[in-house]
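The values are calculated or read from the model by the stated rules, or taken from the named source; none is laboratory data. All figures in this text were calculated on a predicted structure; none of them were measured in a lab. Ideal geometry is used to build each Cβ from the backbone, glycine not excepted, and the neighbour counts take in all protein chains shown.
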Amino acid sequence: MRTVNTRTILLAILCSGFVILAAQESTPPRVFTAAQAEAGRVAYENACGKCHAYNALGRASAEEGLPPVDSLPAFYQEFIRKTGHVPPLAGKVFLSRWGQKTVAELIARFQVTAGDKFFQFQGMNEDTTVNITAYMLQVSGAKAGTQELTRSTSDIVNSLVQ
């Protein structure tokens with residue numbers, strides 16, 4: 001009888017451990033700081049947000065999104081109207097395209113656009129691009145932590161989003 005009770009107790013302990021493990025959620029890595037995301041927000045609103053909209057969800061047409069296209073400089077208006085849409089830089093549609101890539105790849109892609117002379121971005125440098133990436137990750141659901149985002153951050157974008 002004593003053997004049965006010992007086995008029953010051991011089995012109960014083992015099962016409760018599995019229940020606890022199953023109930024715990026894994027926390028995604030936190031690869032940028034709140035300061036980086038805030039600096040990225042300011043830079044985004046002054047540059048990228050003009051075309052991609054302040055909410056970073058892009059524009060399906062020239063009539064959608066804030067700021068209004070008519071309030072933008074003529075070359076932005078022409079660009080948006082000519083393309084007919086501007087893709088999102090955050091959210092579900094964005095993650096479906098960029099979610100399987102590394103953060104370093106995303107930063108590199110943002111840097112290509114940031115360096116394009118057509119857009120005439122003021123004060124855009126590599127640190128600004130990293131900060132904008134931190135902000136786009138935050139808008140997509142990633143959380144800030146104590147680790148600084150760098151151009152070589154190799155985490156997969158989707159692994160950061162909750």
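Of the helices (runs of 4 or more DSSP H) lying entirely inside the range 42-161, the ones with 3 or more residues being farther than 30 Å from PRO29 by Cα and out of contact with any strand residue (DSSP E or B) (no Cβ under 6 Å at 6 or more places or on another chain) are found at 74-83.
Can you go through ALA62, ALA53 and tell me which one is modelled with pLDDT under 90 and either buried (at least 16 other Cβ atoms within 10 Å of the Cβ) or under 26 Å from GLN147 (Cβ atoms) (or both)?
ALA62 is the lone residue from the list that is modelled with pLDDT under 90 and either buried (at least 16 other Cβ atoms within 10 Å of the Cβ) or under 26 Å from GLN147 (Cβ atoms) (or both).
Restrict the check to the range 115-129 and report whether at least one residue is of a type outside the set (D, E, K, R), buried (at least 22 other Cβ atoms within 10 Å of the Cβ) and farther than 23 Å from TYR76 by Cβ. Scanning the range 115-129, I find no residue that is of a type outside the set (D, E, K, R), buried (at least 22 other Cβ atoms within 10 Å of the Cβ) and farther than 23 Å from TYR76 by Cβ, so the answer is no. Across the range 63-115, the number of residues qualifying as among the charged types (D, E, K, R) and in contact with a helix residue (DSSP H, G or I) (Cβ under 9 Å, 6 or more places away or on another chain) comes to 6.
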